Amino acid sequence: MVATLVIGHAHPFFAPIAAVVCLGVSLGQRLRRVGELVVGVSVGVGVGDALISWIGSGPWQIALVVALAMSAAVLLDGGSVIALQAGSSAVLVATLLPPSAGGGFDRMIDALTGGLVGLAVAALIPANPVTVAQRQLKVLTNTLSGALRDLAGALDEKDSVKAAGVLAELRTSQTTIDDYKTALLTGSEIAKIAPIRWRAKDELKRYQTAAGPVDYAIRNTRVLARRSMAALKADERIPDGVPDVLKDYADAVDCLKGELEKNKEPKLTREAVRDAARVLTARRLGGDGFSSKVVLAQIRSVAVDLLQATGLSRSEAMEALPPLSPPADAKARAEESAPVRDREDPSERTHRP
């Protein structure tokens, strides 16, 4: 209707097609799809107009035009929508819309008009971008916190089979991570094209900040589960404090989810991670075997990831954690300040009556 009444095209076949395709694709892709539609229609119409006016119309001509149009779209390094639109546009030109029925430029305008109308409809009836992000973050954080608690239970019980189950579950978590990142793209697009959702941009930034670090935390927990399983199978000693640290991390992940949902700066999450990390020292958590030492390193890596998820940079997160062992000069200072009676003084013993 817009193409007919506003622009004045009598047969805007490509306008409704573009509008339907634009509304039919998933959120997070509509802006790109509009551009692909216009390019695809332009390629298809251009190839169709050039060839049909020269070789005529017929079954083999249609096949040739479609093949050449889609090949041109692929050579342009276009996406699937460009190739499909180029092919369908070439078919329409070769059958229903011969070159004499209208110019290729008009058809390109029709495709652009339909795409813009589809975007307008999406902008007027938008979903809440924060709700979209919250829903997927809840699934992601539940996956992480659940894995940390289950792994803590496996270490408590010294059950390598249970640890293997945690590892197997984490290996299937990539889909959850991808869904969360897609939700962020969706929310960003909604906040960009829908005026009533522009205020959601700032709130979405917290979710975007947490995306990468939470992904890394899951990956590091996966390595942690694998090394824990290996340590248990090898009967290596796992320090008693490790399960408690993992449970505290799980609580911190739940805290992060709650603070983001309330649109608060995740200060409580930072404190929770720091409190849990206070036992992360070589003295208190140092293991005997190779796998147990890797477990300690991975526990610290997860702490860095969680702190980054709260908005800290990597350097700030590293500085927020206690050192794995006291500084080299700390021991010397301690010895210097020790009471005289604890030091060995041969001269004093010699002069003692």
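The values are calculated or read from the model by the stated rules, or taken from the named source; none is laboratory data. Because the structure is a prediction, the values reported are computed rather than measured. Virtual Cβ from ideal backbone geometry, glycine too; neighbours counted across all protein chains shown. The protein model used for the area step is the full one, side chains on, heavy atoms only, and it has no ligands, DNA or RNA in it. Shrake-Rupley method; radii C 1.70, N 1.55, O 1.52, S 1.80 Å.
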Fill in the blank from the handout: Going through the range 177-201 in order, the residues found to be without any contact (Cβ under 8 Å) to a residue 40 or more places away in the chain and either under 30 Å from Ala234 (Cα atoms) or within 18 Å of the chain's Cα centre (by Cα) (or both) are Asp178, Lys181, Lys201
Handout entry: Glu189 vs. criteria touching an Asp or Glu at 6+ places or on another chain (Cβ under 9 Å) and assigned to a helix (DSSP H, G or I)
Key = no
Handout entry: Residues of the range 189-220 classified as of a type outside the set (Phe, Trp, Tyr) and at pLDDT 80 or above, total
Key = 15
Exercise for the section: Could you check, for the range 207-215, whether at least one of its residues is open to solvent by less than 60 Å² (accessible area, probe 1.4 Å) and more than 17 Å from the chain's Cα centre (by Cα)? Expected result: no
Exercise for the section: List every residue pair whose Cβ atoms sit under 9 Å apart, with the two residues 6 or more apart in sequence or on different chains, where the first one lies in the range 234-245 and is over 17 Å from Arg300 (Cβ atoms) and the second, anywhere, is surrounded by fewer than 15 Cβ atoms within 10 Å (Cβ to Cβ) and modelled with pLDDT under 85. Expected result: Ala234/Phe290; Glu236/Asp288; Glu236/Phe290; Arg237/Asp288
